[in-house]
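Take a look at the structure set out below.
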Amino acid sequence: EAQVTQNPRYLITVTGKKLTVTCSQNMNHEYMSWYRQDPGLGLRQIYYSMNVEVTDKGDVPEGYKVSRKEKRNFPLILESPSPNQTSLYFCASRRSLNTEAFFGQGTRLTVV
Amino acid sequence: GQQVMQIPQYQHVQEGEDFTTYCNSSTTLSNIQWYKQRPGGHPVFLIQLVKSGEVKKQKRLTFQFGEAKKNSSLHITATQTTDVGTYFCAPPGDSNYQLIWGAGTKLIIKP
């Protein structure tokens with residue numbers, strides 16, 4: 001089954017404790033993205049990747065890092081989480097430009 | 001940066017009434033995608049519109065792309081409880097590697 005898998009689904013952590021949210025897709029897609037979703041703000045892109053070892057900043061990259069060492073994986077790293085990073089996070093992949101995006105189930109992160 | 005305005009933010013309807021959401025851009029769009037997000041779920045692709053004036057239908061859902069390719073709409077006829085969720089429009093951004101997301105329109109069925 002074609003899918004994008006994110007882990008964990010829920011995470012509560014403390015300020016400053018490094019964390020990684022994993023994302024994996026089994027569709028051999030070139031493009032992958034991370035979004036955060038906050039009430040009333042829609043989806044805002046954090047980082048995106050066009051291929052292995054090629055990443056770029058989205059609209060809200062501050063406080064986040066990503067890596068794309070393999071085509072299927074695109075982890076999101078918060079080196080020092082802060083409460084303003086409390087949000088719902090989605091990973092998405094696309095086969096190519098102008099094709100549909102497939103989303104993971106989401107990770108609800110709370111930073112206290 | 002490029003932005004897209006989606007209205008209304010919420011729409012409360014009785015089951016069986018129609019629902020419409022609008023998406024407007026200040027710039028000409030090459031295409032536009034629509035997604036649906038059920039409560040507690042993730043966005044799911046509905047359709048992509050590419051041509052000026054294009055109209056596409058999926059059962060009770062009708063999608064339109066404006067003649068000037070600056071606006072789009074989604075109309076649902078005779079809403080059902082299964083239609084509940086938030087509907088997003090998403091055209092490509094300036095870099096084309098990004099999708100620019102509208103704020104979404106939440107469809108709420110009145111009890």
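Annotation for segment B:8-20: at least one member residue is within 11 Å of chain A (Cβ to nearest Cβ) and closer than 30 Å to A:S87 by Cα.
Checked against (1) under 27 Å from A:N51 (Cβ atoms); (2) more than 9 Å from chain A (Cβ to nearest Cβ), B:Q98 passes all but condition (2).
Looking across segment B:26-45, the residues that are within 24 Å of A:D38 (Cβ to Cβ) and facing chain A (nearest Cβ under 9 Å) come down to B:Q33, B:Y35, B:Q37, B:G40, B:G41, B:H42, B:P43, B:V44, B:F45. In segment B:48-61, of all residues being buried (at least 16 other Cβ atoms within 10 Å of the Cβ) and in contact with an Asp or Glu (Cβ under 9 Å, 6 or more places away or on another chain), the one that is nearest to B:G93 (Cα to Cα) corresponds to B:Q48. Only residues that are buried (at least 19 other Cβ atoms within 10 Å of the Cβ), more than 7 Å from chain B (Cβ to nearest Cβ) and of a type outside the set (F, W, Y): list them for segment A:26-54, please. Within segment A:26-54, A:H29, A:M32, A:S33, A:R36, A:Q37, A:I46, A:S49 meet the criteria. Scoring A:M32 on the criteria (1) in a strand (DSSP E or B); (2) out of contact with any strand residue (DSSP E or B) (no Cβ under 6 Å at 6 or more places or on another chain) leaves a single failure, condition (2).
The residues in segment B:80-106 that are at pLDDT 95 or above and surrounded by fewer than 20 Cβ atoms within 10 Å (Cβ to Cβ) can be counted, and the count is 6. Going residue by residue through segment B:62-73, is there one that turns out to be within 14 Å of another protein chain (Cβ to nearest Cβ) and open to solvent by 60 Å² or more (accessible area, probe 1.4 Å)? The answer is no; no qualifying residue exists.
The values are calculated or read from the model by the stated rules, or taken from the named source; none is laboratory data. Given the structure is predicted, the values throughout are model-derived calculations rather than measurements. For neighbour counting, all protein chains shown are included, and Cβ atoms are generated from backbone atoms with ideal geometry for every residue, glycine included. Note: areas computed on protein heavy atoms with side chains; ligands, DNA, RNA excluded. Shrake-Rupley method; radii C 1.70, N 1.55, O 1.52, S 1.80 Å.
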